[in-house]
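This is the structure I have questions about; it appears just below.
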Amino acid sequence: MADSRAELLQGTLHLLILKALERGPLHGYAIVRRIEDTSDAFLRVEEGSLYPALHRMERHGWIESEWGLSESNRRAKFYELTSSGRRQLREEQTLWERTAKAIDGVLRAQPKGA
Amino acid sequence: MRGFFDSVRSQAQIEAEIDAELEFHLAERARELVEQGVNVEEARTQAQRRFGSLADVRRRCRNIQMGERIMLQRINFVLNVVLVVAIVLLGWSAWRGKRQDAQVMAALQAEVQKLSSLLEPRAAALAPPQQPLTPDPMLVRFGALKTSEEATAFATQLAALEPRRGRDLICAGWSAVTDGTLRLALLRPFVEGGGHGEAIELLDLAASDPDPDVRAFGFECLRNYAWQDFADRPRPIYREWFERVRDLDLHDALEYSVDQYHRRLRAAQGTELLRELGFIEVVDLQPATARGFDALHDLWWSGGEAGNILDRAPAWLRSEDPELREAAERFIAHFTLVCDEVPGMLREAKKR
């Protein structure tokens with residue numbers, strides 16, 4: 001039986017990370033939890049892909065990081081959106097909405113002659 | 001400026017940070033599994049299995065962080081090889097040309113010098129930065145503080161530095177100061193006289209301090225900041241609110257704000273809800289590290305910064321303190337109707 005949880009679609013990880021950080025700084029583990037919780041545990045983040053993605057996004061200047069204390073009082077690296085990251089989020093979100101709408105249109109199209 | 005500091009971080013520092021970050025992730029996942037009843041060893045194994053190849057992730061992160069540096073090192077290496085080969089060739093030519101006249105030798109030497117002068121500045125610019133070998137002298141001073149007066153004088157110096165630098169130093173040196181009275185003295189220059197721009201982060205640090213006096217001071221200042229924040233908000237709604245509550249005692253003021261809050265939530269419909277939720281962000285408390293029932297209780301009744309508190313609620317639900325767990329459940333139930341994260345949290349609460 002197929003796993004009812006969905007792996008993230010190619011290319012959506014950046015968008016989901018940016019969205020997760022929209023409400024404030026989070027460390028990597030909290031980003032995973034935020035994505036899983038807000039998707040009702042449907043989306044499953046590949047944890048091994050998360051950190052390279054975060055570091056790449058930091059290089060792009062979309063996020064910046066700072067060491068701080070976690071809820072469990074441990075030292076953790078917190079990521080925060082930059083203004084460039086907010087712009088990127090808006091762009092990626094718009095693109096995603098257009099893509100989803102287009103795919104939906106294709107799926108709803110009736111076969112010719114039907 | 002940040003890019004500059006990144007560039008001078010040594011390879012060892014970068015690798016240590018990556019390791020610490022990945023280790024934190026695994027420890028958090030394992031902690032969560034232990035709280036669900038998995039034994040410690042199995043929790044660690046499961047956390048690692050879920051994470052995948054740690055070595056692979058570490059290598060990928062390192063390549064991203066070090067990519068530019070590795071490229072510069074390679075260019076540097078190639079330039080050095082070219083220089084050595086050129087010198088060897090010219091030397092060899094010179095040896096063969098012993099019988100040639102002095103004019104040719106001079107031309108060759110000039111050529112070597114010219115080549116060196118062209119390559120040396122570039123090689124120097126591309127050389128890996130030198131590793132700092134000594135710890136930051138400012139950080140060393142934290143461990144040497146003996147009296148409150150010394151601590152306050154030192155913190156006054158820090159408060160006068162570039163804002164983030166002072167704050168970062170205090171955060172980094174905080175645990176080296178073992179006496180709570182001295183930690184308290186370190187805070188004062190940052191919160192007195194209207195407060196330093198970076199004081200909130202330090203108060204968060206104080207609010208999670210093991211010393212009850214430091215904790216109480218942190219919470220008290222955070223509350224004062226919250227009240228002040230109301231007064232400074234530009235939107236009329238905040239000013240109206242502030243005018244209304246400024247002369248009430250704290251209890252009456254909170255009751256009034258809870259009542260206002262409920263009224264607005266009842267009025268909110270559909271997409272309006274998110275906009276209306278802006279109202280509760282007026283209290284700029286940052287309970288990022290706040291622990292303890294009293295703090296939660298105050299924040300809960302203030303109706304302030306609910307999203308911020310909700311972010312922390314799952315951690316409180318897993319607290320070992322039953323009173324705190326109960327308070328967190330009540331808090332989440334209070335916001336059941338207004339926040340899309342709540343169903344997930346309630347599920348988590350029920351599982352526990």
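The values are calculated or read from the model by the stated rules, or taken from the named source; none is laboratory data. Note that the structure is a prediction, hence the values are computed from the model and not measured. Cβ placement follows ideal geometry from the backbone for every residue including glycine, while neighbour counts extend to all protein chains displayed. Surface areas here come from the heavy atoms of the whole protein model, side chains and all, with no ligands, DNA or RNA. Shrake-Rupley method; radii C 1.70, N 1.55, O 1.52, S 1.80 Å.
Go through region B:166-182 and report how many residues are part of a helix (DSSP H, G or I) and out of contact with any Leu (no Cβ under 9 Å at 6 or more places or on another chain).
Total meeting the criteria: 4.
Among the residues that make up region A:89-101, is at least one of them part of a helix (DSSP H, G or I), buried (at least 19 other Cβ atoms within 10 Å of the Cβ) and touching a residue at least 60 places away in the same chain (Cβ under 8 Å)?
Within region A:89-101, one or more residues are part of a helix (DSSP H, G or I), buried (at least 19 other Cβ atoms within 10 Å of the Cβ) and touching a residue at least 60 places away in the same chain (Cβ under 8 Å).
Could you count how many residues in region B:126-185 are at pLDDT 75 or above and either of a type in the set (Lys, Arg) or in contact with a strand residue (DSSP E or B) (Cβ under 6 Å, 6 or more places away or on another chain) (or both)?
Going through region B:126-185 one residue at a time, the tally reaches 5.
Name the residues in region B:192-209 that are at pLDDT 70 or above and either more than 20 Å from the chain's Cα centre (by Cα) or acidic (Asp, Glu) (or both), would you?
B:Glu192, B:Asp209
Search region B:32-66 for residues being touching a residue at least 40 places away in the same chain (Cβ under 8 Å) and within 20 Å of B:Glu320 (Cα to Cα), and hand back the single one that is surrounded by the fewest Cβ atoms within 10 Å (Cβ to Cβ).
Among those residues, the one meeting the criterion is B:Gln36.
Name the residue that is farthest from B:Ile18 (Cα to Cα), counting only residues in region A:36-57 that are open to solvent by less than 10 Å² (accessible area, probe 1.4 Å), more than 7 Å from chain B (Cβ to nearest Cβ) and assigned to a helix (DSSP H, G or I).
Checking each candidate, the answer is A:Met57.
Restricting attention to region A:21-35, report how many residues are over 13 Å from B:Phe24 (Cβ atoms) and in contact with a strand residue (DSSP E or B) (Cβ under 7 Å, 6 or more places away or on another chain).
Of the residues in region A:21-35, 5 are over 13 Å from B:Phe24 (Cβ atoms) and in contact with a strand residue (DSSP E or B) (Cβ under 7 Å, 6 or more places away or on another chain).
Let me ask you something else. Please specify each residue of region A:6-18 satisfying the condition of being within 13 Å of chain B (Cβ to nearest Cβ) and at pLDDT 85 or above.
Those that are within 13 Å of chain B (Cβ to nearest Cβ) and at pLDDT 85 or above: none in region A:6-18.
Here are the criteria: (1) exposed (fewer than 14 other Cβ atoms within 10 Å of the Cβ); (2) at pLDDT 75 or above. Tell me which single one B:Ala231 does not satisfy.
Every listed condition holds for B:Ala231 apart from (2).
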